[in-house]
Amino acid sequence: MSTAPLEGGMTVPPMPERTPKSLRAAIAQHAPQLLVDFDRHWRRDIADAYDLAPVPAFMARWWSEYALARNPKLEARVHRLEDEATQEAGRIRREAAKAEPGE
């Protein structure tokens with residue numbers, strides 16, 4: 001695996017093979033701040049499961065989490081957009097709460 005260049009000389013680690021083991025290794029190496037939640041989610045929903053049906057949803061979630069976390073600029077942009085959306089939704093709800101009967 002090699003890294004992808006970003007502007008300013010930064011690099012983005014590559015995406016791993018699409019397996020839980022490879023994804024966990026990539027998270028441990030390049031986005032260790034996600035590892036506790038990844039492992040907790042794995043133990044809670046997958047590790048002792050007799051049904052592998054939840055694995056694709058688990059992988060989809062953590063695949064995207066890692067894809068964002070490995071690129072600080074992209075991750076910051078997503079968080080900024082989430083914050084803006086939350087603030088706007090709150091503003092709309094506050095305005096909606098002012099509605100009067102018959103309006």
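The values are calculated or read from the model by the stated rules, or taken from the named source; none is laboratory data. Given the structure is predicted, the values throughout are model-derived calculations rather than measurements. Here the Cβ positions follow ideal geometry from the backbone for every residue, glycine too, while neighbour counts run over all protein chains shown.
One table, with the values for the structure above:
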| quantity | calculated |
| --- | --- |
| Condition check for residue 63: surrounded by 10 or more Cβ atoms within 10 Å (Cβ to Cβ) and in contact (Cβ under 8 Å) with a residue 24 or more places away in the chain | yes |
| Filter result (part of a helix (DSSP H, G or I) and modelled with pLDDT under 95) within the range 3-22 | 7, 8, 9 |
| The range 77-103: number of residues that are over 30 Å from residue 10 (Cβ atoms) and either in contact with a helix residue (DSSP H, G or I) (Cβ under 7 Å, 6 or more places away or on another chain) or of a type outside the set (A, V, I, L, M, F, W, C) (or both) | 11 |
| Residue 74 over 17 Å from residue 20 (Cα atoms), surrounded by 13 or more Cβ atoms within 10 Å (Cβ to Cβ), in contact with a helix residue (DSSP H, G or I) (Cβ under 8 Å, 6 or more places away or on another chain) and of a type outside the set (Gly, Ala, Ser) | yes |
| Residue match in the range 23-40 (condition: among the small types (Gly, Ala, Ser), within 21 Å of residue 75 (Cβ to Cβ) and outside any helix (DSSP H, G or I)) | yes |
| Cross-chain or 6+ apart pairs with Cβ under 7 Å, the range 29-55 first and of a type in the set (Gly, Ala, Ser), then exposed (fewer than 12 other Cβ atoms within 10 Å of the Cβ) and not in a loop (DSSP other than H, G, I, E, B) | none |
| Residue check, residue 39 modelled with pLDDT of 95 or more, among the acidic types (Asp, Glu) and either within 21 Å of residue 18 (Cβ to Cβ) or in contact with a Leu (Cβ under 8 Å, 6 or more places away or on another chain) (or both) | yes |
| Residue within the range 66-76 that is in a helix (DSSP H, G or I) and in contact with an Asp or Glu (Cβ under 7 Å, 6 or more places away or on another chain) present | yes |
| All positions within the range 28-48 that are of a type in the set (Asp, Glu) and loosely packed, with under 13 Cβ neighbours inside 10 Å | 37, 48 |
